[in-house]
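Every number here is computed from the coordinates shown, using simple stated rules; none is lab data. Just so we're clear, the structure is a prediction, and the values are computed from it rather than from any experiment. Because the Cβ atoms are built from the backbone with ideal geometry, glycine has one as well, and the counts that use them run over all protein chains shown.
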Amino acid sequence: MLEKARVSFFLASRSITRGNKGITIFTVFVLTLIFIQLVLFSSMLAGVTLKFNELMVNFQTGNVVVEPKEEERYIEDASALQKKIESLPQVVGASARLKTTGNFRYKEKEIGATIYGIDSADETFVTGLEDAIISGEFLSRPDKGEIILGREVSGGFGALMESRSLGGAEVGDTVELTIGGVTREFRVKGIYTTRYFMADASAYLTRADLEEMLGIEGRDFAQEIAVKTADGTPEYDTRTALLSLGIGENIRTWNEFAGILRLIESTLGMVRNIMNAIGLLIAFVIIFVVIYVNIVNKKRQIGVQKAIGIEQNVIIASFVLQAMLYAGAGVILGYVFVRFGLVPYTVSHPVEVPLGSMSLRLDNAEALNRAVLLFLSSVVGSVIPAYKLAQKDLLDLIWGK
Amino acid sequence: MEKIRKHTKDAVKSMDEIRKQTENTVKGMDIIRKSTDDTITDTIIESIDITRTFKMGEVEVRALRSVNVKIRRGEFIAIMGPSGSGKTTLLNQLGLLDTPNSGKVIIDGSDTSRLSDSEKGKFRLHNLGYVFQDYALLPELNAMENVYISLMMQGKSKTECESAAAEILAAVGLGDRLQQLPSKMSGGQQQRVSIARALAHSPEVLFADEPCANLDSETSKEVLDLFEKFNQEKGQTIVMVTHEEWHAEYADRVIRLKDGIVQE
């Protein structure tokens, strides 16, 4: 058994090292491209998912959100609870927010949006909103009658749903906001974009202004407390720590807010699987054709090998090994190219997509899975032609029939 | 009188017994002589009534018609005949590269008609060697590797393979070209590598199908001298197809074929 494997390996390695270099280079090149194609979509999807997650955490929810108890509208005594939360060592910051929906009116246009009332100083510790300002300035604590708008509300700045925005409200303009029948005018202090359309379809004003509009001035209410934790802290641990503080409010991690994102992710996952299946089919056909052409050109050699007593299985195994070596080289080159070339490149030069700047993210387990699939394709794609030919009559092979 | 008759009767009986014993002795002697004859002739290959028919479209070509040949161990045989007489077909049957439609090929006492394809492969690997008209070397293997590939298949270690290959290549005059690829060799050199490959595993029989067909006279002579050397010095049995009379002069015996029938 071992000597047979030795002969197969010997024939395969000599065929690769001393055979037609052009065929070897072409085959490996094609297999490299196929592997890249197989992992690229996964990497893109992983990059998009990561971006989604980052956007959720960095611009909307923080890591964990504390919400009112069941059947209650507000968190009462929010400042005390916020301080309690901030006392946890892993908590970087907490922002108590009021949250409601309201109608904006600007010139002839009217749209609905989510309105947050925030303490700007606290918010800075939780989200990156301040850095997301693209025009004007972020809110400051003493501001009154000032508002910042997401670009999907203001319009302009490349908003994705321009027609459903205010059509180009700018910093310094006055917009009219109606909440629960109360209407007030606000001066646009800043416009922000996170490039995440859900986060960009909101507006922020000071908590004092929103309290006033909701008629809850001085009541120390909040509708959610967004909590940001140190990098790498598992959300589950934070939740446990918060519960151990005796917090009876509803505690949810950012993941639980990502419903629509998960839907998009799983849709993309299906597309990825289809692409993978097509990629593998192409890989199979290419491997089949390359190996078949290779074998047909070696008909006489196979005949001679059989004549001098080399077993059919050994001959077939030598071609399968050859295909596996080609696939191995393709996988390694493809992996090196993606892992050490494409991924670092997109990290330093992110691709601009509607979601924002996106980098590729290569998951090693996924790459291994694709490598195994490519290997299996190459085995099947080589066994069939090799077996068919090696089965032929010895003299037909020798005479090249 | 009665006594004399009885004695005479006994004497006749004894005579009959003596005759019977003598007959048995002669019979035994015959058996001994026959087996001695067999030992002396020591047949290595015997074909019994082999017939080979090829189908070419609708037409059936009878390449061999009830061919019976016997080849003794250590013989150098040349198979000759005009084109289409069945020389190569006969060689392929004797060398187990093809299977006759009927008849048997017995090699060294083994009836090969009973062997499966894979058993035939193993038999060829251990007992037979081949030299083809166009050398049939594996282009991706160098001289040494071409020679030891069958030894490798037999399970010999790398060292054994290499030393055996180097030895036989030196014996065919290519001791300085062990690492040379076939594409870098002349026809004569390639044919010598092919001979070395055929002989590396010390086969019972070496089959050569027009080994000098692609070579000039001088190189042909070198190749034939090599055959003669291995035949005379090592007692190598050789069966060679040729169409040149002067090649046949190297052989101990010529089997002539015409229209698939042995002529003499």
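As I understand it, the dipole of chain A uses +1 on the Cβ of Lys and Arg and -1 on the Cβ of Asp and Glu, about the Cα centre. Which of A:Leu11, A:Val57, A:Tyr74 lies farthest toward its positive end?
Positive-most Cα among the choices belongs to A:Leu11.
For a quick check: with amide H placed at 1.01 Å from N, whose amide H comes under 5 Å from B:Ile255's, ignoring anything fewer than 5 positions away on the same chain?
The list, which skips near neighbours in sequence, is B:Ala78, B:Ile79, B:Met80.
Please report B:Arg256, A:Arg151 as a ranked list, fewest other C-beta atoms within 10 angstrom at the top and most at the bottom.
Numbers: B:Arg256 16, A:Arg151 25.
Lowest to highest Cβ neighbour count: B:Arg256, A:Arg151.
What is the calculated FRET efficiency for A:Val285 to A:Arg164, with r their C-beta to C-beta distance and R₀ = 51 Å, to the nearest 0.05?
Result of the calculation: an efficiency of 0.65.
Whole Å is fine, so just give me how far the alpha carbon centre of the stretch B:116-171 lies from that of the stretch A:19-68.
Measuring centre to centre over Cα atoms gives 50 Å.
To test your reading of the geometry: what angle, between 0 and 90 degrees and rounded to tens, separates the Cα axis of helix A:259-296 from the longest principal axis of chain A?
For A:259-296 against chain A, the angle is about 10 degrees.
How much mean residue ellipticity at 222 nm does chain A get from its helices, if each DSSP H run of length 4 or more adds -39500 (n - 2.57) and you divide by all residues, to the nearest 500 deg cm²/dmol?
-16500 deg cm²/dmol
Which one of A:Leu40, A:Leu88, A:Leu31 has the biggest mean-square fluctuation once chain A is modelled by GNM with Cα springs under 10 Å?
Residue with maximal mean-square fluctuation among A:Leu40, A:Leu88, A:Leu31: A:Leu88.
Cut-off 10 angstrom, C-alpha nodes, Gaussian network model of chain A. Which of A:Phe337, A:Phe138, A:Phe59 fluctuates the most?
Between A:Phe337, A:Phe138, A:Phe59, it is A:Phe337 that shows the largest mean-square fluctuation.
Quick one: A:Arg18, A:Arg207, fewest Cβ neighbours within 10 Å first, how do they rank?
Lowest to highest Cβ neighbour count: A:Arg18, A:Arg207.
Have a look at A:Ile308, A:Ile36, A:Ile286 and tell me which one the Gaussian network model of chain A (Cα, springs below 10 Å) gives the largest fluctuation.
Top of the fluctuation ranking is A:Ile308.
Residue-wise, which Karplus ³J(HN,Hα) couplings in Hz belong to the stretch B:96-111, taking 6.51 cos²θ - 1.76 cosθ + 1.60, θ = phi - 60°, and x for glycine or proline?
6, 8, 9, 10, x, 5, 8, x, 10, 10, 10, 10, 6, x, 9, 7
In degrees, nearest 10, range 0 to 90: what is the angle between the Cα axis of helix A:364-390 and the longest Cα principal axis of chain A?
20
By how many nm would the segment from A:Glu185 to A:Ile25 grow when fully extended, if each residue of separation counts as 0.36 nm and the alpha-carbon distance is taken off?
Here the answer is 50.7 nm.
Compute the signed sum of charges (Lys and Arg +1, Asp and Glu -1) over the other residues within less than 9 Å, Cβ to Cβ, of B:Asp259. Walk me through the intermediate numbers first.
Values: positive: B:Arg62, B:Arg65, B:Lys258; negative: none.
For residues surrounding B:Asp259, the net value is +3.
Summing Lys, Arg as +1 and Asp, Glu as -1, what charge do residues with Cβ under 10 Å from the Cβ of B:Val61 carry, B:Val61 excluded?
Once all neighbours under 10 Å are counted, the net charge is +2.
Under a plain spin-label model, where a point goes 7 Å from the Cα along Cα-to-Cβ, how far apart in nm are A:Arg300 and A:Phe340?
Label at A:Arg300, label at A:Phe340, 4.3 nm between them.
In percent, what relative contact order does the stretch B:42-262 have, based on Cα pairs under 8 Å that are 6 or more apart in sequence? Write down the numbers at each step before the final one.
Numbers: 422 pairs, mean separation 68.8, N = 221.
About 31 percent, as a whole number.
Let me know the charge dipole size of the stretch A:232-329 about its Cα centre in debye, to the nearest 20, where only the beta-carbon of Lys, Arg (+1) and Asp, Glu (-1) is charged.
780
Relative contact order for chain A: what percent, with Cα pairs under 8 Å and sequence separation of 6 or more?
26
Kindly express, to the nearest 10 degrees and within the range 0 to 90, the angle between helix A:312-337's C-alpha long axis and the longest C-alpha principal axis of chain A.
30
Mind checking the dipole of chain A: about its Cα centre, +1 per Lys or Arg Cβ, -1 per Asp or Glu Cβ, Debye to the nearest 20?
Dipole magnitude for chain A comes out near 3460 debye.
Work out the length of the dipole vector of the stretch A:69-248 about its Cα centre, built from +1 on the beta-carbon of each Lys and Arg and -1 on the beta-carbon of each Asp and Glu, and round it to the nearest 20 debye.
With Lys and Arg at +1 and Asp and Glu at -1, about 160 debye.
Name the residue farthest towards the positive end of the dipole of the protein assembly as shown from the options B:Met144, B:Pro203, A:Val353, assuming +1 on Cβ of Lys and Arg, -1 on Cβ of Asp and Glu, about the Cα centre.
B:Pro203
So what J values fall out for the stretch B:150-159 if you push phi through Karplus, 6.51 cos²θ - 1.76 cosθ + 1.60 with θ = phi - 60°, rounded to Hz, Gly and Pro as x?
Once rounded to whole Hz, the list reads 6, 5, 4, 5, 6, x, 6, 6, 4, 5.
Below 16 Å Cα-Cα, how many Lys pairs turn up in the stretch A:69-248? Only count pairs eight or more apart in sequence, or on different chains, if you could.
4
Suppose we keep just the DSSP beta bridges with both residues in the stretch B:42-262; what percent of those would be antiparallel, to 5?
55
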